[in-house]
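Quick note: the coordinates plus some simple rules give every number you see, no bench work behind them. Everything quoted here is computed from the prediction, not taken from an experiment. Positions of Cβ are backbone-derived with ideal geometry, glycine not excepted, and every protein chain shown enters the neighbour counts.
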Amino acid sequence: MTIKAPYALQFDRASVRFPGTATYALENISLQVAPGELLTIVGASGSGKSTLLRCVNRLVELCDGRIEIDGVALESFAIDPLRRTIGYAIQGVGLFAHLTVAENLALVPESLGWPRARIDARIDEMLATVRLDPQIYRRRRPRALSGGQAQRVGIARALMAYPRLLLLDEPFGAVDPILRPQLQAELLGVLRAARTTTLFVTHDVDEALLLGDRIAVIDEGHLRAIGTPRALLDRPPDDFTAELLCGDALLHEYRRARLAVREQSR
Ligand SMILES: Nc1ncnc2c1ncn2[C@@H]1O[C@H](COP(=O)(O)OP(=O)(O)OP(=O)(O)O)[C@@H](O)[C@H]1O
Ligand SMILES: [Mg+2]
């Protein structure tokens with residue numbers, strides 16, 4: 001089986017305005033994500049982070065500007081085949097309640113025509129990746145999962161079919177602080193191995209600094225800053241970014257020290 005190359009993604013002055021609203025949910029967003037890059041996205045509630053992800057698989061349409069995948073305008077792709085190449089773990093999970101965990105995970109591979117044995121093996125592999133015992137969880141329905149377990153199934157589902165682009169919307173929001181670092185490390189391993197291009201939304205600044213090759217800061221629909229954790233921590237371009245990413249002097253020192261450790265271990 002050939003795993004297709006990760007997508008390059010480009011936003012060019014992309015804007016979104018929802019019907020009946022006076023302001024833009026996103027305005028003039030320009031950014032590029034390189035193949036295999038992991039971009040974390042931070043910003044206040046309501047700043048437009050989820051909307052940014054939803055534009056990429058066309059759950060939301062732009063009112064202005066454009067988005068390109070591998071240099072091709074998003075509208076040129078047929079929606080369904082495009083979506084099958086994009087893994088999407090939505091905020092609030094979105095598992096199908098009437099399907100078991102295994103059936104949820106099998107949906108995209110089935111639509112791609114994978115043989116049954118391969119689907120089953122991949123289900124076990126992905127459940128193990130998110131630390132859920134396949135023996136126990138394969139046959140569960142979503143209502144019999146905790147919030148954090150359901151989130152992990154959502155991540156497993158997004159990864160199932162070797163996506164060329166991964167959209168993760170606060171994937172660890174409901175996962176406890178003990179398991180969270182393990183899942184972060186596991187996810188980083190999977191993403192490095194697969195070299196999947198990833199947009200990762202999080203409220204957790206430390207998670208954004210730890211996971212991101214670069215970080216994008218969104219504020220009221222605008223891109224305030226984008227850069228490596230090192231660049232943004234050392235030289236935040238504005239007060240908003242400084243306050244959000246650096247915090248007070250002590251926290252700033254801590255975050256820089258932690259980043260230095262991470263840079264050494266790469
Ligand atoms: N379908 C819609 N119709 C009208 N307004 C919408 C719609 N979807 C989102 N919005 C508005 O767009 C803005 C951005 O929403 P979005 O969900 O992208 O925020 P967010 O940054 O993901 O927030 P959170 O951190 O709370 O998840 C909000 O003001 C929201 O109310
Ligand atoms: Mg959101």
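Points to keep in mind about this one:
- At full extension, Phe96 and Ala78 could sit 4.1 nm farther apart than now, given 0.36 nm per residue minus the alpha carbon distance.
- Three-way shape label, region 199-266, alpha-carbon gyration tensor, a/c 1.5: oblate
- Distance from the Cα centroid of region 85-126 to that of region 128-156 is 12 Å (rounded to whole angstrom).
- Protection-proxy order for peptides 210-216, 180-186, each taking the mean of Cβ atoms within 10 Å per residue, highest first: 210-216, 180-186
- Cβ-Cβ FRET estimate between Glu263 and Ala5, R0 fixed at 22 Å, reported to 0.05: 0.25
- Estimated FRET transfer efficiency (Ala249, Arg140; beta-carbon r; R0 41 Å; 0.05): 0.30
- Cα-based shape type of the chain, given that a ≥ b ≥ c are square roots of the gyration tensor eigenvalues and the cut on a/c is 1.5: oblate
- Between 0 and 90°, nearest 10: helix 147-159 axis offset from the chain longest Cα axis: 80 degrees
- Per-pair calculated FRET efficiency, R0 = 25 Å: Thr228 and Leu179 via Cβ, rounded to 0.05: 0.35
- Three-way shape label, region 91-162, alpha-carbon gyration tensor, a/c 1.5: prolate
- Helical runs assigned H by DSSP (4 residues or longer) give the chain a calculated mean residue ellipticity at 222 nm of -11500 deg cm²/dmol, each run adding -39500 (n - 2.57) before division by the residue total.
- Trypsin sites (Lys or Arg not before Pro) within region 57-146, DSSP loop, no more than 15 other Cβ atoms inside 10 Å: Arg131, Arg139
- Sequentially through region 131-139, phi angles give Karplus couplings (6.51, -1.76, 1.60; θ = phi - 60°) of 6, 10, 5, x, 4, 8, 9, 3, 8 Hz, Gly and Pro residues having no value and appearing as x.
- Gain on full stretching of the segment that runs from Arg118 to Asp12 - 0.36 nm per residue minus C-alpha separation: 34.3 nm
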